[in-house]
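Some notes on the structure that comes next.
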Amino acid sequence: MQKRILVVDDDDMNLARTQIILENEYEVVLAESGVRALNILKNQKIDLVLLDIDMPLMNGIETFEHMKEFAADIPVIFLTASGEVEDVVGALLLGAVDYLKKPYPPQELLKRVAQEFEKK
Ligand SMILES: [Mg+2]
């Protein structure tokens, strides 16, 4: 069974770019908002979440907090732009597993995702 990864980002370009990097090895589901991501998580089996921090309405940290109420066992890698390091530290304390700084090189993304699945 291919692992299914949910990519959450309000930036269409980043969603498209991340999908292209991942789609040879994984099933990829895209969400353009935290609300949409939570809906998907309630209705589909997801193995890993890549979660943008800076999003309007519901940011990545808030999305992550909601996620923990019903999907606490799904690993999350945060996607951050520079200048969000404090947010990331907070997220890691809440139990997120890792973070990647944008723009991430394709091989770095693939490596981190693979590492996450190896832990299981
Ligand atoms: Mg964003």
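Within the set of other residues whose C-beta is less than 12 Å from the C-beta of GLU32, count the net charge using Lys and Arg as +1 and Asp and Glu as -1.
On the way: positive: ARG36; negative: ASP9, ASP10, ASP11, ASP12, ASP52.
That sum, taken over residues with Cβ under 12 Å, equals -4.
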task = Hey, can you grab everything whose amide H is under 5 Å from the amide H of LEU100? Only 5+ residues off in sequence or another chain; H modelled, so Pro and N-termini drop out.
result = PHE78, LEU79, THR80
remark   = Relative contact order in percent for region 4-111 (Cα pairs under 8 Å, 6+ apart) equals 24
task = Please tell me which of these pairs span more than 20 angstrom C-alpha to C-alpha: LYS3/LYS42; LYS45/LYS119; LYS45/LYS68; LYS3/LYS111; LYS42/LYS68; LYS42/LYS102?
result = LYS42/LYS102
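Every number here is computed from the coordinates shown, using simple stated rules; none is lab data. Please read all numbers here as calculations on a predicted model, not as lab measurements. Positions of Cβ are generated from backbone atoms using ideal geometry, with glycine treated the same way; all protein chains shown enter the neighbour counts.
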